[in-house]
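No lab work stands behind these numbers, since they all come straight from the coordinates. All figures in this text were calculated on a predicted structure; none of them were measured in a lab. Cβ placement follows ideal geometry from the backbone for every residue including glycine, while neighbour counts extend to all protein chains displayed.
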Amino acid sequence: MDNQENFRKTLGKHLKIKREELNLSQEKFAWDAGQYDKNLGKIERGVKGPSIQTLFKFRHTHNLSIDELLDDVKADLEREEGDD
């Protein structure tokens with residue numbers, strides 16, 4: 001797995017964790033931010049990465065801390081790197 005793909009998958013995993021902490025379905029989380037749930041599903045699976053605009057919408061709609069999200073991703077990637 002290349003670095004970009006690994007980053008997308010890890011970011012998607014942590015975005016899903018944040019969504020689940022809010023007890024929201026993919027559909028509700030996405031639609032509240034003006035996004036499609038299928039798009040969110042692809043992001044959560046790491047098939048595609050979110051745009052900055054999409055992250056901005058999630059931040060404002062759900063009070064999601066992008067700093068915290070990226071810190072969690074960074075810690076996870078560093079942990080994986082240490083396991084290699």
*asked:* If the reach is capped at under 19 angstrom between alpha carbons, list the aspartates and glutamates near Lys18, excluding any in the same chain fewer than eight residues apart.
replied: Glu27, Asp32, Asp37, Glu44, Asp67, Glu68, Asp71, Asp72, Asp76
*So what's the back-of-envelope 222 nm ellipticity for the chain, counting only DSSP H runs of four-plus at -39500 (n - 2.57) apiece and dividing by all residues, rounded to 500?*
-24000 deg cm²/dmol
*asked:* Taking the beta-carbon count within 10 Å as an exposure proxy, list Leu55, Leu40 from fewest neighbours to most.
replied: Leu55, Leu40
*Can you list the HN-Hα couplings for the stretch 60-72, worked out from phi with the Karplus curve (6.51, -1.76, 1.60; θ = phi - 60°), rounded to whole Hz and with x for Gly and Pro?*
6, 6, 10, 6, 7, 7, 5, 4, 5, 4, 5, 5, 5
*Karplus (6.51, -1.76, 1.60) ³J(HN,Hα), θ = phi - 60°, over the stretch 17-27, in Hz, Gly and Pro reported as x*: 4, 4, 4, 5, 4, 8, 6, 10, 6, 4, 4
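For the stretch 10-77, what value does the Rg/Rh ratio take when both radii are computed over Cα atoms and Rh is the Kirkwood radius, given to two decimals?
With Rg and the Kirkwood Rh in hand, the quotient comes to 0.92.
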*Could you give the size of the charge dipole of the chain about its Cα centre, using +1 on the Cβ of each K and R and -1 on the Cβ of each D and E, expressed in debye and rounded to the nearest 20?*
580 debye
_For Leu64, distant residues with modelled amide H under 5 Å away_ = Arg59
*Quick one: Karplus J couplings for the stretch 43-54, per residue in order, coefficients 6.51, -1.76, 1.60, θ = phi - 60°, nearest Hz, x for Gly and Pro?*
5, 5, 7, x, 5, 9, x, x, 6, 4, 4, 5
*If you rank Asp2, Asp37, Asp76 by fewest surrounding Cβ atoms within 10 Å, what's the result?*
Asp2, Asp37, Asp76
